Amino acid sequence: MSSFLVEACGLSKTYNLWLEPADRLTCGLLQAAAATPWLPGSWRGGLAAAATRRGREFLALQDVSFTLKRGESLGVIGRNGSGKSTLLQILASTLQPTAGRFSVQGRVAALLELGSGFNPEFSGRENVVLQAALHGVGRREATARFAEIEEFAGIGAFIDQPVKVFSSGMLVRLAFATQTVLAPDLFIVDEALSVGDVFFQARCARFFRERLTQGMSLILVSHDLPAVKAFCARTIVLHEGRVSFFGPSAEAVSHYHQLYRGNIVTEMAGAVEAPKANPADEITLPAGEVERNWDATHEVGSREAEIVHCRLLNARGEPAGIFGLGETVHVECHVRSRVPLDQAVACLEVSNRLHQVLYGVTSNHLGLLSPELTPGRLRRVVFSLSARMGPGDYLVDLAIGWGDRGDGAPVQLVHRVAAIASFQVHHAGPPRFFGPANLGATLRWN
């Protein structure tokens, strides 16, 4: 037997798109006539060709291949229409591929479409028994574990009401709770958790982490990119039905941002020749250090401007990699532009070693207007923050963007460097709190 729980090789799916509803019937009749054995071969070929002209083919998925072992997690991201749901439906065996093959070992649980598999006239309790039976779990076992399902779903007395009166949130809570007790070897989730409230999402996150350590595998489709980075070790980026990237989730998210952000509009820079930089305006890099002083990492962006140097400094302005609780961390970088940028945005992101984002900020959030970047001139950017974090290792991502899309994030990603630097936070003596950040809580006894 294969060591992989899931193997997919060259999966493709093609749909026929009809110009008119009647074309579907006409095409069927032509195809049936083309299959008539007593007709001359030339006639059959002509009928088959006429059938194909009644519509056109749409390639929803093309040549997707990957493997997944037990206990591994895989994310799938991409814009709407990129083929994500088609891929998951094939893996869940609710859709047959046009080409390629796949194999899944063990029990599969899937949350694909809201309410799929539920009978709207049955009560929530009856639908649980029905779903369990469809997965080979008998009524006695399902009944024995019903208290666990009811507690996880948390919908109270509605469990005995017809599903047709459920809200979308209640429906997905019950569907997810039902799948959890089936002890699946592979859990496939397609954006279903987005309709749950924050408490239910936290419960699902705890379930994922616990079951992944026990050997369950997870395939997660979501537009919540931080969740994909947190839960999935590797991620597939789909673009127009093809695999655009397959690798570590943090790199996949960076690739996704790059994929859907083209070059800055050329009229911003103009077609004139860039002026030569004045040597008196140049910033000299620290003595003994060279440009691009970080190890190989993932970089994306249109590169009208680039980050060329980065270092971490303590409050005394000295290079440092270890900071005490509450100490100031200066994140210094140097940026060189190749074209005039009049709306440059500096971006900082701090995450833990699991790539869970703890803090992110841009110059837009801080209400700071960046100076125009002049071609060839080196500009120094310094973010300063307080290391009010729990003990541990932290990663720094830096980016230069352009414009403001309204929420503080840049319209255009010019240059982003993932994990450009890292630092540690130490507490003197026992830890002063638990968790990733110090929110400065106080306590008063009355």
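Numbers below:
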quantity	calculated
Which numbered condition Phe245 fails, given (1) open to solvent by less than 60 Å² (accessible area, probe 1.4 Å); (2) more than 30 Å from Arg125 (Cα to Cα); (3) in contact (Cβ under 8 Å) with a residue 40 or more places away in the chain; (4) not in a helix (DSSP H, G or I)	(3)
Long-range neighbours under 7 Å by Cβ, at least six apart or interchain, first residue under 30 Å from Ser249 (Cβ atoms) and touching a residue at least 24 places away in the same chain (Cβ under 8 Å) within the stretch 357-380, second open to solvent by 40 Å² or more (accessible area, probe 1.4 Å) and part of a strand (DSSP E or B)	Leu358/Ala437
The stretch 145-164, subset open to solvent by 80 Å² or more (accessible area, probe 1.4 Å) and not in a loop (DSSP other than H, G, I, E, B), residue nearest to Thr180 (Cα to Cα)	Glu148
Selection within the stretch 108-144 - in contact (Cβ under 8 Å) with a residue 60 or more places away in the chain and either assigned to a helix (DSSP H, G or I) or small (Gly, Ala, Ser) (or both)	Ala109, Ala110, Gly115
Yes/no for Arg432 being crowded, with 16+ Cβ neighbours inside 10 Å and either closer than 26 Å to Ala305 by Cβ or not small (Gly, Ala, Ser) (or both)	no
Count of the stretch 294-317 residues which are in a strand (DSSP E or B) and surrounded by 17 or more Cβ atoms within 10 Å (Cβ to Cβ)	10
Single residue of Leu443, Leu385 found to be under 16 Å from Ser351 (Cα atoms) and either free of Cβ contacts under 8 Å to residues at least 24 places away in the same chain or surrounded by 13 or more Cβ atoms within 10 Å (Cβ to Cβ) (or both)	Leu385
Positions within the stretch 334-353 being over 24 Å from Leu313 (Cα atoms) and not in a strand (DSSP E or B), in sequence order	Arg338, Val339, Pro340, Asp342, Gln343
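Residue-wise test of (1) at pLDDT 75 or above; (2) open to solvent by less than 60 Å² (accessible area, probe 1.4 Å); (3) in contact with a helix residue (DSSP H, G or I) (Cβ under 8 Å, 6 or more places away or on another chain); (4) within 30 Å of Gly136 (Cβ to Cβ).
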position	(1), (2), (3), (4)
Pro37	no, no, no, no
Leu47	no, yes, yes, no
Ala51	no, yes, yes, no
Ser85	yes, yes, no, yes
Thr98	yes, no, no, yes
Leu111	yes, yes, yes, yes
Leu114	no, no, yes, yes
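The values are calculated or read from the model by the stated rules, or taken from the named source; none is laboratory data. Values in this document were obtained by computation on a predicted structure and should not be read as measured data. Positions of Cβ are backbone-derived with ideal geometry, glycine not excepted, and every protein chain shown enters the neighbour counts. When the accessible area is computed, the model is the full protein with side chains, heavy atoms only, and any ligands, DNA or RNA have been set aside. Shrake-Rupley method; radii C 1.70, N 1.55, O 1.52, S 1.80 Å.
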